[in-house]
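The structure appears below as structure tokens.
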Amino acid sequence: MPTILIMNGVNLNLLGKREPSVYGNRSFEDYFTELQTQFPDLELHYYQSNIEGELVNKLHEIGFSYDGVVLNAGAYTHTSIALADAISGITSPVIEVHISNVHKREEFRHHSHLSRVCVGVILGFGLESYRLALEYFRKK
Ligand code: DQA
């Protein structure tokens, strides 16, 4: 069974409480349980950190053995060359996801350091962005 890591970066531990008009009012832990039910054919793991280096460490740890990573790096998307280098350095394919449509928002959210090194990008579908990314790994 393919093993997939869903990884959330900075401030995404606050999902459900943080700016609900942008990010909704559901916690990720709650949604993750639903994803596990929807994808019995994938072994799903979840990791969240607010610390850039911890995200890099996690990618190094799992990035040569897992079959894929679904990554919402939060604001690090727009700032982190270190995360982009970590994605380039591992062999597991990474899909970049965002809950909001960052292109409808402030200009500083329009650029991603990660898109160039990811398989693809899914954004703007709320929490469903994660499910759509998992569909790719299910069909692979
Ligand atoms: C986000 C978009 C980012 O610009 C923002 O910094 C986030 C969440 C999203 O999922 O829509 O923290 O990645």
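The values are calculated or read from the model by the stated rules, or taken from the named source; none is laboratory data. Computed from a prediction, not measured in an experiment: that's the story for all the values here. Glycine also receives a Cβ, built like all others from the backbone with ideal geometry; neighbour counts cover every protein chain displayed. For the accessible areas, the whole protein counts, side chains as well, though only heavy atoms, and no ligand, DNA or RNA atoms are used. Shrake-Rupley method; radii C 1.70, N 1.55, O 1.52, S 1.80 Å.
Take every pair of alpha-carbon atoms less than 8 Å apart whose residues are at least six positions apart; their mean separation over the length of the chain yields a relative contact order of 26 percent.
In the stretch 29-125, carbon and sulfur make up what percent of the accessible area (probe 1.4 Å)? In the stretch 29-125, the share of accessible area belonging to carbon and sulfur is 52 percent. Derived scalar couplings between HN and Hα for the stretch 47-62 equal 9, 9, 8, 8, 10, 3, x, 5, 5, 4, 4, 5, 4, 5, 5, 9 Hz in order, rounded to whole Hz, by the Karplus curve 6.51 cos²θ - 1.76 cosθ + 1.60 (θ = phi - 60°), x for Gly and Pro.
Remark on residue 98: its backbone amide H falls under 5 Å from those of 122, 123, 124, a criterion applied only to residues 5 or more positions apart or on other chains, H modelled at 1.01 Å from N.
In loop segments of the stretch 36-140 as defined by DSSP, the GluC sites (Glu not before Pro) with at most 16 further C-beta atoms inside 10 Å of their C-beta are 106.
Computed log10 I(q)/I(0) for the chain at 0.17, 0.20 Å⁻¹: -0.89, -1.28, from the Debye equation with unit scatterers placed on every C-alpha and solvent omitted. Counting other C-beta atoms within 10 Å, and keeping those with at most 13, which DSSP coil trypsin sites (Lys or Arg not before Pro) do you find in the stretch 23-114? Qualifying residues, ordered by number: 105.
Over all other residues within a Cβ to Cβ distance under 15 Å of residue 46, the charged ones net out to -3, with Lys and Arg as +1 and Asp and Glu as -1.
The chymotrypsin sites (Phe, Trp or Tyr not before Pro) found in the stretch 50-115 that occupy coil by DSSP, while having at most 11 further C-beta atoms within 10 Å, are 64.
Working note: Karplus 6.51/-1.76/1.60 with θ = phi - 60° gives the stretch 133-140 the couplings 5, 5, 4, 4, 6, 5, 7, 5 Hz, where Gly and Pro are set to x.
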